Amino acid sequence: MYAYNNRTDAGSIDLTPGLSPADPAPLEVQTRGWAWWLGAAISAAVLVAVVFQLRAVNFAEVRSMLPRTPLFWLVFAASYLVAPGCDWVIFRRLWNIPASGFLALLRKLIGNELLLGYIGELYFYTWARRRTEMTAAPFGAIKDVAILSALMGNIVTLAMLAIAYPLLGTLHLGIDGKTLLLSVATVLVTSSAVVLFRKRLFSLPRGDLYFVAAMHLLRILASTGFNALAWHLVLPDVDISWWMMLSSMRLLLSRLPFMPNKDIVFAGLAVFLVGHDVELGALMTMMASLILATHVLLGLGLVTAEAIGWKRR
């Protein structure tokens, strides 16, 4: 997108790509500016979180439960990398982001998972600010991408709830009607507010907004499908269609606010849909431990590589 800069001596108007009304004024390039220090602080916080989470990972237990088939590892890698991969495609279109930006997006994912939600977006903002040759003011684009991610998640949640409501009502899983209604109302209100105030919230052109929304929808569907396929490869006796339904229900429960005992509700759904309660418990424990171990190992590697880069510079 374009924004007006100062007039040139000839009286013409200089148009510079990458600027938006929602962005602060571009800062001069500095070797140790505030963006560098903030990014370094977030990287240090990720390192502390990695060291802390190491205590929760029983690598021997995880290794003993892992499948030996290469296809499982390909599917697991795809399910893990689909989110940063979609983000990379989005920012490749918006900023022509280089291949090295994928590592920054991996740090963004790990920061969100190991620290706080949206701390990864803050890190990615500092990363982009240090690369003014790529984009002079990245705040507007990162904000729009984050809002559209939440909006598409809400839309998928409402659609899935409409489909799954008869099933949830007949299983008697302890879901309180008032709590469910409050959760749905919250999702509706937040989504409606985004749509109502879209002209004030968004700074990207309409075409880019549609593209970003489509990529987020693709990410949600792909993640759901990859999770179901990975579970099926561990317990192939259960048809993949049931795993697909269970993966969708897990996504639905994770997106609904104010819902207590989500793990208990999910466990009840899992036993009802696929059975194998003992094997299912071991499967979910293995997958959660594997994802945590991947966060820890990748986070440690990325932070170490970044520290080596600082030392060289």
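The values are calculated or read from the model by the stated rules, or taken from the named source; none is laboratory data. Model, not experiment: these values are computed from the prediction. Every residue, glycine as well, gets a Cβ built from its backbone with ideal geometry; the counts of neighbours run over all protein chains shown.
Quick notes on this one:
- Filter pass, A128 being of a type in the set (A, V, I, L, M), within 18 Å of F211 (Cα to Cα) and either over 12 Å from the mean Cα position of the chain (by Cα) or assigned to a helix (DSSP H, G or I) (or both): no
- The single residue among E133, E121 that is free of Cβ contacts under 8 Å to residues at least 12 places away in the same chain and not basic (K, R) turns out to be E133.
- Contact map, region 189-205: residues that are over 17 Å from L256 (Cα atoms) paired with residues that are of a type in the set (A, V, I, L, M) and assigned to a loop (DSSP other than H, G, I, E, B), Cβ distance under 9 Å, separation 6+ or inter-chain. Pairs shown: L201/A22; F202/A22; S203/M1; S203/A22; L204/M1; P205/M1.
- Checking the stated criteria, P138 turns out to be in contact (Cβ under 8 Å) with a residue 40 or more places away in the chain and over 12 Å from the mean Cα position of the chain (by Cα).
- Candidates in region 222-251 are the residues that are surrounded by fewer than 16 Cβ atoms within 10 Å (Cβ to Cβ) and without any contact (Cβ under 8 Å) to a residue 24 or more places away in the chain; of these, the one that is farthest from L269 (Cα to Cα) is P236.
- Candidates L116, L109, L81, L122, filtered to the one that is over 16 Å from V145 (Cα atoms), among the aliphatic types (A, V, I, L, M) and at pLDDT 75 or above: L81
- From the options A99, A77, residue that is among the small types (G, A, S) and either crowded, with 17+ Cβ neighbours inside 10 Å or under 22 Å from L221 (Cα atoms) (or both): A77
- Qualifying position, being at pLDDT 85 or above and under 25 Å from M160 (Cβ atoms), among A288, A222, A267: A222
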